[in-house]
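> Once you've had a glance at the structure underneath, I'll fire off some questions.
The values are calculated or read from the model by the stated rules, or taken from the named source; none is laboratory data. Since the structure is predicted, the reported quantities are computational estimates derived from the model, not experimental observations. For neighbour counting, all protein chains shown are included, and Cβ atoms are generated from backbone atoms with ideal geometry for every residue, glycine included.
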Amino acid sequence: MPPTVLPTIIKPQPYAVPSSPTTPPPPVQVLWTAADATNGNAFISTGRETLHAINTAAGTGTVTITSQPDPYNRTRTIGPITLATSGSAGSEVVFQKFPQLGWATGDLILVTASATTVQFYVAQDPL
C-alpha cells in the first residue's frame, strides 16, 4: 500500500490582510495526524516544509525520515529518532526544512513511525 499523505498547513504571513496592512492575520490551527505505522506516511514537498512530531504514549516512540540519492548518489536518512514518553522533555520534536533534492521521491518525502501514538503535522512557509 502507498504511504498515507499527511495534510499540510500553511503558516500565516505577517500583515497578510491587504485591506489592512497593519493587521496581523489570524492564527492557523495545527492539525495533528496519527502516524500510519503499517504503510508509513509522506508529505508533499515544495522545499518549504518542516515536519513536527509528538509522542502521545506512555512509552517511547521513533521517527525516521528517508532520504533519496542526490545527483552524487549520496543519502542521509534521519533516524530512527527516539521520542521520549508523552509529557516529558523530548516527546515533541521539529525537523529541518527538507529540500526536494536528496529527500523527495517524486514530490513526496517519506516518514515512518514506530506506532500510531506518534503524531505529525507539516507546516509550510508561505511564498
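> Among ALA89, ALA37, which is the only one that is modelled with pLDDT of 90 or more, aliphatic (A, V, I, L, M) and in a loop (DSSP other than H, G, I, E, B)?
The match here is ALA37.
> So, one more: Being farther than 20 Å from GLY47 by Cβ and modelled with pLDDT of 90 or more is the filter; apply it to segment 1-29 and report the residue that is nearest to the chain's Cα centre (by Cα).
Out of the qualifying residues, it is THR4.
> Further question: Just need a number here: residues in segment 46-75 that are over 13 Å from the mean Cα position of the chain (by Cα), part of a strand (DSSP E or B) and among the acidic types (Asp, Glu). I'd like the intermediate steps shown before the answer.
Pass one, segment 46-75, residues over 13 Å from the mean Cα position of the chain (by Cα): 55-62, 67-75.
After this cut, where a residue has to be part of a strand (DSSP E or B) as well, the list is 55, 61-62.
Narrowing further to those that are among the acidic types (Asp, Glu): none.
Within segment 46-75, residues that are over 13 Å from the mean Cα position of the chain (by Cα), part of a strand (DSSP E or B) and among the acidic types (Asp, Glu) number 0.
> Can you tell me which residues in segment 36-76 are within 25 Å of ILE10 (Cα to Cα) and hydroxyl-bearing (Ser, Thr, Tyr)?
SER45, THR46, THR50, THR56, THR64, THR66, SER67
> Contact list please: Cβ distance under 9 Å, first residue in segment 49-65 and in contact (Cβ under 8 Å) with a residue 40 or more places away in the chain, second residue in a strand (DSSP E or B) and of a type in the set (Asp, Glu), pairs at least six apart or on different chains.
HIS52/GLU92; ALA53/GLU92; ILE54/GLU92; ASN55/GLU92
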